[in-house]
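Single-structure report; data block below.
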Amino acid sequence: MMITYTQEELSSIVHAFAFPGTITDWTPHGNGHINDTFLVRSTENGVLRKSILQRMNRTVFHNPTELMQNIAQVTSFLRKKITAAGGDPFRETLNLIPTTDDAWFFVDERGEFWRAFLFISDASCYDAVTDPKLFYETGNAFGRFQQMLSDFPSASLFETIPDFHNTPLRYQALLQAAQADPKGRLKNVSDEMAFFLDHADDYGVAERMKASGELPLRVTHNDTKLNNIMIDDKTGEGICVIDLDTIMPGLSIFDFGDSIRFGANTAAEDEQDVSKVSLSLPLFESYTKGFLAGCAGSLTRAEVEMLPIGAKLMTLECGIRFLADYLMGDTYFKTAYPEHNLVRARTQIALVADMEEKWGEMENIVARASFFH
């Protein structure tokens, strides 16, 4: 929810941070739906400096103190890794700007939390996969992110959204929504419910392997969409993973899987004509090659072999969440029309069905791209 601030209030917030040089102005920036974002300009020794200022959305993130502690830990760790490898720590990871009191966030008079980052120039974000190379670079950047953080103590991070990718719990929530049926919509979704009931044996596999230690807990991003990678304008290479709000301990196969669910679908997430929905094997292959090259052997054999399962589980889980929200009266996801969440659930179902048709090819692609073949 956007909160309106006076220029005087904004000025006091801006000047609470140690932006480089002399602040000249600030303007609203970007089209994000979660946080309010401003571009802050300043001059330092005659050079223009740009920074990002954000108000964190406490409706979505209930504990911004823990969230910022996670980001500060991870970006500090990444800076050391990037510097040691001869990279540019000012372009290859986010850099927090401290407050004038040397804290990582500022709390204004309304109790709202603010944070600031250095702006990464000459790089862009993309909202849609326009070619396989772009998807390769996205995968490569997320893979490098995994590789650099492979020896980070993930248990030291706070769980910002508990049970975020606990598929069995999401399935139980769907069953409860069906039993409650507060809007009388259950009668409209018998085929969809049957599909998710038929897949009940799939939901617990990753949780069981996590519990047994077969799948290690890692630092995971948990929002691995294309537009959370900065692509260098000159080289076309993925240089920096951004939007670290949901960084927490998790499974690498889910970060991989959510990218595939979103980026390798031949149709939009809310396409009404499900005949247009399928898994693009060329895009799946591009991302897989990029991701595993970026991971550079840091994943275990079990993790690599489970990557297709990660894609399937993330698609099933998303479909479950869309259908549960439809049954509950659209209380979580924003909708444009009454059937919107049902349409979204159907696209996920169609995508899972197509993955199952192409399962052998998906496994072969992963095997060819891996370090274990």
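The values are calculated or read from the model by the stated rules, or taken from the named source; none is laboratory data. Predicted model only: the values in this text are computed from it and were never measured. FYI the Cβ positions are ideal-geometry reconstructions off the backbone, even for glycines, and counts take in every protein chain you see. Side chains are part of the model used for accessible areas, which takes the heavy atoms of the whole protein and leaves out ligands, DNA and RNA. Shrake-Rupley method; radii C 1.70, N 1.55, O 1.52, S 1.80 Å.
For the reader, a short list of remarks on this structure follows.
- For H29, the solvent-accessible surface computed with a 1.4 Å probe is close to 70 Å², ligands and nucleic acids excluded.
- Cβ-defined net charge surrounding Y5, 12 Å radius [Lys, Arg +1; Asp, Glu -1]: -4
- Count Lys and Arg as plus one, Asp and Glu as minus one, and take only other residues whose Cβ is under 12 Å from that of A128; the net charge is then -2.
- Separation of region 178-232 and region 60-137, taken as the distance between their Cα centroids, equals 27 angstrom.
- Assuming charge only on the beta carbon of Lys and Arg (+1) and of Asp and Glu (-1), the dipole of region 201-340 about its Cα centre is about 360 debye to the nearest 20.
- In terms of its C-alpha gyration tensor, region 177-222 comes out prolate, because a/c is 1.5 or above and the ratio a/b outweighs b/c.
- Net charge contributed by nearby residues that have their C-beta within less than 13 Å of F333 (K/R +1, D/E -1): -2
- The chain: most fluctuating residue of G297, G204, G86 per GNM, C-alpha cutoff 10 Å: G86
- Placing pseudo-labels 7 Å out from each Cα toward the beta carbon at L217 and E269 gives an inter-label distance of 2.7 nm.
- In the context of the full protein assembly, R79 retains an accessible surface of approximately 70 Å², using a probe radius of 1.4 Å and ignoring ligands and nucleic acids.
- Total charge dipole magnitude, the chain, about the Cα centre, Cβ charges on Lys, Arg, Asp, Glu only, Debye to nearest 20: 420 debye
- Protein-only accessible surface at a 1.4 angstrom probe places the residues K234, K225, K289, K80 in the order K234, K80, K289, K225, largest first.
- Dipole moment magnitude, nearest 20 debye, region 1-60 about Cα centre, only Lys, Arg, Asp, Glu C-beta charged: 200 debye
- Multiplying the residue separation of Y337 and C125 by 0.36 nm and removing their Cα-Cα distance gives an extension gain of 73.5 nm.
- With every protein chain in place, region 162-286: carbon and sulfur % of accessible area (1.4 Å): 49 percent
- Here's the picture: charge each Lys and Arg Cβ at +1 and each Asp and Glu Cβ at -1 in the chain, and of T300, N35, H62 the one pushed furthest to the positive end of that dipole is T300.
- Selected from G213, F142, T160, residue furthest toward positive end of dipole (region 131-226; charges at beta carbon): T160
- Compared with the alpha-carbon gap, the fully stretched path from L281 to A296 is longer by 3.2 nm at 0.36 nm per residue.
- Gaussian network model of the chain, Cα within-10 Å springs - most flexible of C318, C125, C295: C125
- Ligands, DNA and RNA are left out, and with a 1.4 angstrom probe the accessible area of the chain is 46 Å² per residue.
- Surface composition of region 1-112: carbon and sulfur make up 53 percent of the accessible area, probe 1.4 Å.
- A 1.4 Å probe over all protein chains sorts T300, T224 by accessible area into T300, T224, starting with the largest.
- Accessible area ranking (1.4 Å probe, heavy atoms, ligands and nucleic acids excluded), largest first, for T65, T75: T65, T75.
- Computed from the alpha carbon positions, the gyration tensor of region 6-46 leads to an equivalent ellipsoid with semi-axes of 20, 13, 8 Å, biggest first.
- Options P338, A350, A369, ranked by Cα towards positive dipole end of region 319-373, top entry (Cβ charges): P338
- One chain, two ends: R368 and A84. Fully extended at 0.36 nm per residue, the span grows by 99.2 nm beyond their Cα-Cα distance.
- 3J(HN,Hα) from dihedral phi, region 108-122, Karplus parametrisation 6.51/-1.76/1.60, rounded to Hz, x for glycine, proline: 7, 5, 8, x, 8, 9, 10, 9, 9, 10, 5, 7, 9, 7, 6
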